Each structure stands twice: as C-alpha cells, then as structure tokens.
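Have a look at the structure below before the remarks.
The values are calculated or read from the model by the stated rules, or taken from the named source; none is laboratory data. Here the structure is a predicted model, which means the values were calculated and not measured. Positions of Cβ are generated from backbone atoms using ideal geometry, with glycine treated the same way; all protein chains shown enter the neighbour counts.
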Amino acid sequence: MLKVILDTNFCLIPFQFKVDIFSEFNRIFDEEFRTMIPFVCIEELRTKKMGIAAIDLMEQRNVIVVDIPKAKTVDDTVINLALKEHALIATQDAELKRKAKKAGVHIVTLRKEQHLALE
C-alpha cells in the first residue's frame, strides 16, 4: 500500500485553492494509499489561518496522525517519517521539496493551482 505524508501547507490547499486533494490522490494513484501527517504538522496547523478547518478535514478523511519524535526541524521530521514508512511527501514547500529529493523521497505537489502531480 502506498503511503503519503502530508505536510502543513499541503493540508491548506483545499482552502487556499479549492482543490480536493483526496479526489486528486485517487486520480493520480493507481493503487490503494494511506495518508499520514506528523503530529508536529498538526501543531503548526493550529497556528495557521484555516488551520483548524484543515485539521477537521484531515480527521474527516481519516488521515493518520503519527507521533514521531521531532527532529531538528519540522521538514526533517517529515522526511524522517517518509523514510521510515517508505512514503511519498505531499508538499508545496520549496525547501522541503529540495531536501526530500536529496534524500531520495518522491514528492506530490500542486500544479497550476488546479491539480496534483508526482515529481
């Protein structure tokens, strides 16, 4: 089963760009998948505009919250979880994308503010 780690900013896409990320996941993945989010990203969402709505959406869509030890940065925590779970990372964050690619982790990102794509 494919695993996808969501980062903080990715969870805000449905509210910023009106894109249903879960329908998009169904469109781009040819296999079953499970979505996960590190607890540190939930903590970050609590401080963002529309963050509580994003947390509610993640709960409704049964996104698994993983309480993984926090690394030096939130980005490092996300990458560590992706490596541990052999998962993709869903992000819009340029720095996280760069670090993930360097670590050999594949990325899902928003393209043209309309649809998701694998990188």
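The table that follows gives values for the structure above.
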{"read-out": "Any chance residue 77 is closer than 18 Å to residue 118 by Cα, surrounded by 16 or more Cβ atoms within 10 Å (Cβ to Cβ), in contact with a strand residue (DSSP E or B) (Cβ under 9 Å, 6 or more places away or on another chain) and hydroxyl-bearing (Ser, Thr, Tyr)", "value": "no"}
{"read-out": "Matching entry among 1, 58, 36 (being at pLDDT below 95 and closer than 19 Å to residue 116 by Cβ)", "value": "1"}
{"read-out": "Residue match in region 21-33 (condition: in a strand (DSSP E or B), more than 16 Å from residue 119 (Cβ to Cβ), of a type in the set (A, V, I, L, M, F, W, C) and out of contact with any Pro (no Cβ under 6 Å at 6 or more places or on another chain))", "value": "yes"}
{"read-out": "Spans of helices (runs of 4 or more DSSP H) in region 44-119 with at least 2 residues among the acidic types (Asp, Glu)", "value": "51-60, 74-85"}
{"read-out": "Every residue from region 43-79 that is under 13 Å from the mean Cα position of the chain (by Cα) and within 20 Å of residue 107 (Cα to Cα)", "value": "58, 63, 64, 65, 66, 74, 75, 77, 78, 79"}
{"read-out": "Members of region 1-60 found to be out of contact with any Ser or Thr (no Cβ under 8 Å at 6 or more places or on another chain) and of a type in the set (S, T, N, Q), listed by number", "value": "8, 16, 23, 26, 35, 47, 60"}
{"read-out": "Residue 94 being surrounded by fewer than 19 Cβ atoms within 10 Å (Cβ to Cβ), touching a helix residue (DSSP H, G or I) at 6+ places or on another chain (Cβ under 6 Å), without any contact (Cβ under 8 Å) to a residue 40 or more places away in the chain and not acidic (Asp, Glu)", "value": "no"}
{"read-out": "Count of residues meeting criterion [free of Cβ contacts under 8 Å to residues at least 12 places away in the same chain and either aromatic (Phe, Trp, Tyr) or under 24 Å from residue 80 (Cβ atoms) (or both)] in region 1-55", "value": "3"}
{"read-out": "Test: residue in region 59-66 that is in contact with a Gly (Cβ under 9 Å, 6 or more places away or on another chain), surrounded by 15 or more Cβ atoms within 10 Å (Cβ to Cβ) and touching a residue at least 24 places away in the same chain (Cβ under 8 Å)", "value": "no"}
